[in-house]
């Protein structure tokens with residue numbers, strides 16, 4: 001069954017061949033282990049980045065504190081003021097990099113920030129805190145001011161009308177708010193929305 005090799009020269013050659021095969025197997029295993037470690041490190045880095053992005057999209061959003069509207073002599077709301085603050089656990093939110101989607105009774109537009117008022121933009125004004133654009137801490141309050149008369153094809157929001165506002169921060173997180181005008185605006189200068 002087993003053949004014994006008694007010749008000394010033949011025994012040495014078999015040992016060297018086995019050693020070469022063993023070294024080759026160790027090299028292949030080391031290369032494979034290096035590839036696996038490298039891939040695991042890449043996947044870990046990628047998953048950490050994805051987790052941070054997902055966390056930012058969920059936590060870095062604004063909370064609407066209140067909303068009001070300026071009433072004109074024609075009983076329309078021409079300016080919508082939405083007071084916002086940072087949501088719990090949110091980082092600094094720069095409202096100049098945010099967008100506001102306006103879906104009103106007759107118009108749908110995506111508004112961007114501008115220093116001056118016009119039909120395709122919104123402006124901000126400081127209510128509480130040092131900044132008028134950045135929600136730097138939990139105490140900061142900023143008004144998002146929208147000229148609803150310029151955004152809509154009519155002269156603003158009328159009695160009983162509503163507009164859906166979706167505020168999207170630079171992180172991609174969204175906050176929805178429904179601005180609903182009361183049924184009667186007669187004799188009022190400012191109304192809660």
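Brief remarks on what is shown
- Contour minus Cα-Cα distance for residue 92 and residue 53 (0.36 nm per residue): 12.5 nm
- Per-residue [θ]222 nm for the chain (sum of -39500 (n - 2.57) over DSSP H runs n ≥ 4, rounded to 500): -10500 deg cm²/dmol
- The listed peptides 27-33, 62-68, ordered by packing as a protection proxy, come out as 62-68, 27-33 (highest mean of other Cβ atoms within 10 Å first).
- Relative to the dominant Cα principal axis of the chain, helix 8-59 is inclined by about 10°.
- With Cα atoms defining each centre, region 32-102 and region 134-193 are spaced 18 Å apart in the structure.
- Each peptide among 164-176, 74-86 gets the average number of other Cβ atoms lying within 10 Å of its residues, and from highest to lowest they stand as 74-86, 164-176.
- 17 Å cut-off, amide nitrogen to a point 7 angstrom out along residue 72 Cα→Cβ, residues in region 160-193: 160-163, 181-182, 185-191
Values in this text are rule-based calculations from the coordinates and carry no lab data. Predicted model only: the values in this text are computed from it and were never measured. When we count neighbours, we look across all protein chains shown, and the Cβ atoms used for this are built from the backbone with ideal geometry, even at glycine.
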